[in-house]
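Structure first, then comments.
The values are calculated or read from the model by the stated rules, or taken from the named source; none is laboratory data. All values reported here derive from a predicted model rather than from experimental measurement. Cβ placement follows ideal geometry from the backbone for every residue including glycine, while neighbour counts extend to all protein chains displayed.
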Amino acid sequence: MFVWIQKGISKPAIHSFTQLILLRNPRTVTSKMSFQYPHAEDYHGIKIPDPYSWLENPDSEKTQAFVNAQNQLTLPYLEHCEVRDLLMERMTELYDYPKYNCPFKRGSRYCHFYNMGLQNQSVMYVQESLEAEPTVFLDPNTFSEDGTVALRGYAFSEDGTYLAYGTSASGSDWVEMRFLRVEGAVALNDRLERVKFSCMSWTHDGKGLFYNSYPKQEGKSDGTETSTNTHQKLYFHVLGTPQSQDCLCAEFPDHPKWMSGVEVSDDGRYVLLSIREGCDPVNRLWFCDLQTTPQCITGLLPWVKLIDNFDAEYEYVTNEGTVFTFKTNLGAPRYRLINIDFAQANWKELIPQHDKDVIVFATCTYNSLLFVCFLHDMKHVLKIYRLSSGEELRTFSLDVGSVVGFTGCKGDSEIFYYFISFLSPAIIYHCFDPSDYQTTQVFYPSKDGTEIPMFIVHKKGLKLDGFHPKYVSGEHHPCRNVSVVNITPVEISSSPSRYSPLHNICVPEGVQYPAVLLLTGDHDDCVVPLHSLKYIATLQHVVGHWSGQSNPLFIHVDTKSGHGAGKPTSKVIQEVADTYAFIARCLSLS
């Protein structure tokens, strides 16, 4: 049997990782084997809590030699798995089906992304109407030969005349922004660099857009660096001008870790600035009335600090003049919708917090309708409310499943939503009649339309043959018949604690560690590979040389990839096949 477990790490770490743990009883995992693990020295022979800090430098010859030696140990083990080629063939077959995303309308055109099956990156198509033949508009597969340069964010101008889009290489969070004139897909000369964790928000006149970038720093910025980025700034770029002339609109010199993003209001009059300091669901909210600024944005904007603390989260939904609607967790951990009148500073609840259900998203379309998605007993419920009063109008008839895509702007007279369930393949619906909310199915992206029956078993306090979820990182694991695949682990190495996988490594009492395979990427600047390298070095040193340890302790460092965003299909398939190949060989599965 096997169990997927998603584990989130509590503060101070901000990332989560996924682990696959497979148990098989009562036979042993592997026969007695001996592995010669690459040597990792202590710091000048002195025993300290962080002996492998030298692995934090990805450019050093020593680190590169260590990574090469690890891969040379791991890859032959995977390659000699008898079913690896069969797994690769089967995973390729399973991934080879057409994939759509939710269509959306910009200007007079409809757009959607489509992948024929095994394309490394999905392609953006445009069509003049839903009945017209889609044509290729932007193909990220042309960005690089191996598919490792991906599309990372995009934004059309209000009238659909221009497109701003970002590209990132090898899974890095660093983005280069480029621009197209939509008619004829004409590339413009504008280039924006040093962009990371950025917004893309056009002013409604189409003259330019707001974005975020970081100051230049010493060393590299290609995704393989391990340095921290600070002092993010907000700029306004005027189309047709060099980046050097972009206007600085907001900066926070006294708060180097603050990151911001702006959104231009639905009526184009206001700029809303959201400021965050971490991943907690809280933000500051400032705004600027563009009618009070010069016709051309020339510098720091006169921000009004509406909420100037980190007590709650405020997510813009829409506005009617000075009355703004926000989704917020202020006094409502399951979220509610409120109205704030910017002119009179009046606050009013529009849709209260539900007794049980959580608001997932809220958006406004048909000019006066709110579409609100709730999470109810692990399934999505989609409802329509009146914007002016918060009156509930209708609940969509959805099966047990999830709304994984929803598109529609305030001025649109139609919406699209993408629904998946455990009993049917993904379906994209088009809702085009606001009087009776009539819907039609526009895409059915399954290979043959076959319904796929599935089921879920959930049991609280799960225990399996001595295994308990608290052992998901593999430390002190009481069960020998286990194989652990750990993807992009995060190590809290600032201070030894019970939360730190690295500092809890020790020789087990009476049983050996399970077989371990860590997976990471050399260009992962979000969960940098140094965590995985230091962990495996410690694990191999402490446990790998123990005479009772015969299960392998491996790591595979992929090149030109991060941990998910933009990863080409070919690399995804290879990673999944290698994961199951490792499990199959460790557990002697045919």
- Note on the structure: The condition from (1) farther than 21 Å from residue 274 by Cβ; (2) touching a residue at least 12 places away in the same chain (Cβ under 8 Å) that residue 355 misses is numbered (2)
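For the stretch 505-525, indicate whether the set of residues that are of a type in the set (A, V, I, L, M, F, W, C), modelled with pLDDT under 80, under 24 Å from the mean Cα position of the chain (by Cα) and buried (at least 20 other Cβ atoms within 10 Å of the Cβ) is non-empty.
Initial filter on the stretch 505-525 (of a type in the set (A, V, I, L, M, F, W, C)): 505-507, 511, 515-519.
Filter again for modelled with pLDDT under 80, leaving none.
No.
Please work out if residue 85 is over 23 Å from the mean Cα position of the chain (by Cα) and in contact (Cβ under 8 Å) with a residue 24 or more places away in the chain.
On the way: over 23 Å from the mean Cα position of the chain (by Cα): yes; in contact (Cβ under 8 Å) with a residue 24 or more places away in the chain: no.
No, not satisfied.
Starting from residues that are of a type in the set (A, V, I, L, M) and free of Cβ contacts under 8 Å to residues at least 40 places away in the same chain, keep the ones in the stretch 272-281 and report whichever is surrounded by the fewest Cβ atoms within 10 Å (Cβ to Cβ).
Taking the stretch 272-281 and keeping what is of a type in the set (A, V, I, L, M), we get 272-273, 275.
Filter once more, so that each one left must be free of Cβ contacts under 8 Å to residues at least 40 places away in the same chain: 273, 275.
Values: 273: 24, 275: 22.
By that ranking, first place goes to 275.
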- Task: Restrict the check to the stretch 564-573 and report whether at least one residue is over 28 Å from residue 53 (Cα atoms), outside any loop (DSSP other than H, G, I, E, B), out of contact with any helix residue (DSSP H, G or I) (no Cβ under 7 Å at 6 or more places or on another chain) and not charged (D, E, K, R).
- Result: yes
- Message: Go through the stretch 108-125 and report how many residues are buried (at least 19 other Cβ atoms within 10 Å of the Cβ) and in a loop (DSSP other than H, G, I, E, B).
- Response: 3
- With (1) part of a loop (DSSP other than H, G, I, E, B); (2) in contact with a helix residue (DSSP H, G or I) (Cβ under 7 Å, 6 or more places away or on another chain); (3) modelled with pLDDT of 95 or more; (4) not aromatic (Phe, Trp, Tyr) as the list, and residue 271 as the residue in question, which single condition is left unmet? (1)
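Here is a check on your reading of the model: is residue 382 out of contact with any Ser or Thr (no Cβ under 8 Å at 6 or more places or on another chain) and either without any contact (Cβ under 8 Å) to a residue 12 or more places away in the chain or closer than 30 Å to residue 108 by Cα (or both)?
Working: out of contact with any Ser or Thr (no Cβ under 8 Å at 6 or more places or on another chain): no; either without any contact (Cβ under 8 Å) to a residue 12 or more places away in the chain or closer than 30 Å to residue 108 by Cα (or both): yes.
The answer is no for residue 382.
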- Task: Specify which of the listed residues (197, 137) is touching a strand residue (DSSP E or B) at 6+ places or on another chain (Cβ under 8 Å) and either in a strand (DSSP E or B) or over 23 Å from residue 251 (Cα atoms) (or both).
- Result: 137
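Listed here are the residues, each with its yes/no results for (1) more than 22 Å from the chain's Cα centre (by Cα); (2) on the phi > 0 side of the Ramachandran plot.
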{"position": "354", "(1), (2)": "yes, no"}
{"position": "359", "(1), (2)": "no, no"}
{"position": "366", "(1), (2)": "yes, yes"}
{"position": "384", "(1), (2)": "yes, no"}
{"position": "398", "(1), (2)": "yes, no"}
{"position": "409", "(1), (2)": "yes, no"}
{"position": "418", "(1), (2)": "no, no"}
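So, of the residues in the stretch 529-553 that are over 14 Å from residue 54 (Cα atoms) and out of contact with any strand residue (DSSP E or B) (no Cβ under 7 Å at 6 or more places or on another chain), which turns out to be surrounded by the most Cβ atoms within 10 Å (Cβ to Cβ)? Before the answer, list the steps.
Start the filter on the stretch 529-553 by keeping residues that are over 14 Å from residue 54 (Cα atoms), which leaves 539-553.
Filter again for out of contact with any strand residue (DSSP E or B) (no Cβ under 7 Å at 6 or more places or on another chain), leaving 541-542, 545-550.
Working: 541: 18, 542: 16, 545: 11, 546: 13, 547: 8, 548: 12, 549: 21, 550: 17.
It comes out as 549.
Any residue in the stretch 141-151 that is more than 25 Å from the chain's Cα centre (by Cα) and modelled with pLDDT of 95 or more? Give the derivation first.
Going through the stretch 141-151, the residues more than 25 Å from the chain's Cα centre (by Cα) turn out to be none.
Taking every residue of the stretch 141-151 in turn, none turns out to be more than 25 Å from the chain's Cα centre (by Cα) and modelled with pLDDT of 95 or more.
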- Search result, residues across the stretch 143-166 that are touching a residue at least 60 places away in the same chain (Cβ under 8 Å), in contact with a Gly (Cβ under 8 Å, 6 or more places away or on another chain) and either part of a loop (DSSP other than H, G, I, E, B) or of a type in the set (Gly, Ala, Ser) (or both): 148, 150, 158
- Considering only residues of the stretch 176-209 that are at pLDDT 95 or above and of a type in the set (Phe, Trp, Tyr), which is farthest from residue 230 (Cα to Cα)? 179
- Which one of 539, 518 is assigned to a helix (DSSP H, G or I), in contact (Cβ under 8 Å) with a residue 12 or more places away in the chain and more than 16 Å from residue 88 (Cβ to Cβ)? 539
- Which residue pairs have Cβ atoms closer than 6 Å, lie 6 or more positions apart in sequence or on different chains, and pair a first residue in the stretch 112-133 that is touching a residue at least 40 places away in the same chain (Cβ under 8 Å) with a second residue that is surrounded by 15 or more Cβ atoms within 10 Å (Cβ to Cβ) and among the small types (Gly, Ala, Ser)? 115/122; 120/147; 120/570; 121/147; 121/150
- Item | Any hit, the stretch 412-424, residues being small (Gly, Ala, Ser), at pLDDT 90 or above and either in contact with a Lys or Arg (Cβ under 9 Å, 6 or more places away or on another chain) or buried (at least 19 other Cβ atoms within 10 Å of the Cβ) (or both) | no
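How many residues are among the aromatic types (Phe, Trp, Tyr) and either more than 20 Å from residue 262 (Cα to Cα) or assigned to a loop (DSSP other than H, G, I, E, B) (or both) if we restrict to the stretch 317-366?
Keep residues of the stretch 317-366 that are among the aromatic types (Phe, Trp, Tyr), which gives 324, 326, 335, 342, 347, 361, 366.
Remaining after also requiring either more than 20 Å from residue 262 (Cα to Cα) or assigned to a loop (DSSP other than H, G, I, E, B) (or both): 335, 342, 347, 366.
Qualifying residue count, the stretch 317-366: 4.
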